[in-house]
Amino acid sequence: MTSNSPISQYVSRFKAEKGKILSFLSAFPFYGEVLKNHQYYEADRIARNELSKKLDSLKEPIRRIEENFVRERRMDLIGSTEVLFSILERLKNEIIGASYGLNGLGTGFKATESELEALAEWDYSLIHHAEELSTKVKSPNFPPEVSVDTVREWISNFRSELDEFDSALKSRKDVFLKR
């Protein structure tokens, strides 16, 4: 594991956050080995929380776009961004949901260190994609006289971007299935 890889960054964040008791226990051989495996699970949790927050931050610019439609009394555009809100909420719930994370100790599946590193790389690419989405959602500044077709085209394009993100999220499991 290289020192600048995403997994090492998240593991370092976990180590910084874990506290004095876990630091003390990690000094003992048995607990140290258990905590070594646990740090990857916690790094995954940290990455998923960060990704969830980035997606949640996309809602506010969309909300402002919708507020402008209401303020300008554009009845034909009011409510047109609702589909984006629902997709963002669904994606956020998938990310923070337990089924998206790594399987726990009680399951038959145990990820290898290389699979965990590949998973962290995948999550890092998803975080990068979420940052790109943030740039795109902040870019439109619709003037009051903007046409309905222009707004609907932008919404359609942004929805396509969210669908691509959803596909990348769903293909995360391929890291373990070795497809």
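The values are calculated or read from the model by the stated rules, or taken from the named source; none is laboratory data. Keep in mind it's a predicted model, so treat the numbers as computed, not measured. Methodologically, a virtual Cβ is constructed for each residue, glycine included, from the backbone with ideal geometry; neighbour enumeration extends over all protein chains shown. When the accessible area is computed, the model is the full protein with side chains, heavy atoms only, and any ligands, DNA or RNA have been set aside. Shrake-Rupley method; radii C 1.70, N 1.55, O 1.52, S 1.80 Å.
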Task: Full-stretch length increase - residue 114, residue 150 - with 0.36 nm per residue and alpha-carbon distance subtracted - done: 8.4 nm
Task: Under Karplus coefficients 6.51, -1.76 and 1.60, residue-wise ³J(HN,Hα) of segment 158-167 in Hz, glycine/proline x - done: 5, 5, 4, 4, 5, 5, 5, 4, 4, 5
- [ ] Within 10 Å, count the other beta carbons around each residue, average over each peptide in 50-58, 121-129, 160-168, 137-145, and list them highest first.
- [x] 50-58, 121-129, 160-168, 137-145
- [ ] Round to the nearest 10 and report in Å² the accessible area of residue 90, as given by a 1.4 Å probe over the protein chains' heavy atoms.
- [x] 90 Å²
Task: Other-chain or far-sequence residues with amide H under 5 Å of residue 74's (modelled H) - done: none
